[in-house]
Structures are given as structure tokens and as C-alpha cells.
Amino acid sequence: MDEAPEFSRDVLEALRQPMESRRVHIHRAWGSMVLPASFQLIMAANPCPCGVGMAGAGADCRCTPLDKRRYRNRLSGPLLDRVDLQLELFPVSPADIRLGGDQESSTMVAARVLEARNRQAERFADCDWRLNAEAPGTWLREHFALTPVDLADLDRALDTGRITMRGYDRVLRVATTLADLAGKPGPDPDTMRMALALRTQES
């Protein structure tokens, strides 16, 4: 979904329920039905309506602070609470192009993802779900026997209001996936901090 804040607020808010339950409830005069809606939502947004106010190009932006606030507020807190990864990207500079360097190939990435999927298939063989993204937070905490030390960063973020309880479990699922991708037996404080940073844009 490119330029997500340009969509109607009602359209964006209608995504909340299917993102949570993976189902769509349709109600009409003739009756109602429930349809499966398991999907991956990727949203992109500029920092302001004109799209110019990006790092390195802010001098040409004519948007007022009120314009920017209205633009960002179209993505509500409850909607963003259901988005696991929130990344801020910066424009590519000439230095980035020249830098080059060794990059992991798509084949290598695909192999790591396949290994992670295989770990999840084995982990959830006797469960009603197949992926970390579907696993209840309670089950993950019990399965990995996570201690207060393991969960300290998540507990602190919850206590200070940086994340909600929904966000708490979502960060735990992302941390489990990061552990799978790294070949670790389970999430640890390092993967918890990384998952939390990917959600809250804080290191």
C-alpha cells in the first residue's frame, strides 16, 4: 500500500479487524458471512504530503507543521499497533552508490528463510498454528521458558507505555523469528532488543 496516509481514514481503520483475526466479516441486508483474510500488509508513507520533506531535501518542503501532523495522524495508533516492523528509510546518496561492498545474495537469504520456516514447522507440528506470527504470546513464553531477564526490555517498554500488551506479544513473535533466522534455539535478550527497536524505532 503505497502512500498509505492518502487513503481514506475509514478504509485504513477497516484493516484493523482482519489484521488481528485474519478474517473478514461482511454484513449485508441478506445476511452475513466470514471469509479468510490471511495477508501481509506493507505500507509506505512519505514524511509529509508533498513527499519532499525527506532527509537531505527538507529545504524545498512547503508543508506546514499542521499539514505534516494531519498527514501522519491518518495512520492511527491502533492501526500502527498491528504493524510489527516500522522502519524509517533515508534517500540513497551518491556515497551509498559508490560504497558497494559484499551483499548477501537472494539465494542465501532464501535458504535462511527456508531453514527458519522448517524450524517453525517442527516447533508447531502439534499446534493449531504454523508460523510464529500466529502463535499466542503465552504459548511462546511457556515453550521457551522465558525468564524475567529475557523479558526485561519488553516489560520496561510495556510499563513506560512504549508498547501495548498487543505490541508485547507481537515483539515476542518477531524476536522468535529473528532467533530462527539466526539459528538460535529461541529468543534471548539480544533478539528481544532488536525486535523492539524494529517496532519502536529506538535502539
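The values are calculated or read from the model by the stated rules, or taken from the named source; none is laboratory data. What you are looking at is a predicted structure, and each value in this text was computed from that prediction instead of being measured. Note that we place each Cβ from the backbone using ideal geometry, even for glycine, and neighbour counts take in every protein chain shown. We work out accessible area using only protein heavy atoms, side chains counted, and drop any ligands, DNA or RNA first. Shrake-Rupley method; radii C 1.70, N 1.55, O 1.52, S 1.80 Å.
Structural remarks
- Cβ-based charge dipole, the stretch 104-203, positive-most Cα from ASN118, ALA133, THR107: THR107
- Here the stretch 44-148 is treated as an ellipsoid with the same Cα gyration tensor; its semi-axes, largest first and in whole Å, are 38, 24, 11.
- The residues of the chain expose on average 65 square angstrom of accessible surface per residue, using a 1.4 Å probe on protein heavy atoms.
- Only DSSP H runs of four or more residues enter the estimate; each adds -39500 (n - 2.57), and after division by the residues of the chain the mean residue ellipticity at 222 nm equals -13000 deg cm²/dmol.
- Computed over the stretch 1-125, relative contact order equals 23 percent, with contacts defined as Cα pairs under 8 Å that lie 6+ residues apart.
- ARG72-LEU41 pseudo-label distance in nm [points 7 Å out on the Cα-to-Cβ vector]: 2.0 nm
- Selection of chymotrypsin sites (Phe, Trp or Tyr not before Pro), the stretch 108-163, meeting DSSP coil and at most 14 other Cβ within 10 Å: TRP129
- Placing +1 on each Lys and Arg Cβ and -1 on each Asp and Glu Cβ, with no other charges, gives the stretch 1-110 a dipole about its Cα centre of roughly 540 debye.
- Calculated over the chain: convex hull of Cα atoms, volume per residue (Å³): 175 Å³
- Of THR64, ALA29, VAL92, farthest towards positive along the dipole that unit charges on Lys, Arg, Asp, Glu beta carbons give the stretch 1-135: ALA29
- TYR168 - accessible surface, heavy atoms, 1.4 Å probe, Å² rounded to 10: 10 Å²
- Based on C-alpha pairs under 8 angstrom that are at least 6 apart in sequence, the stretch 45-189 has a relative contact order of 22 percent.
- For the chain, CYS50, CYS61, CYS127 stand unpaired, since no other cysteine beta carbon lies under 4.7 Å from theirs.
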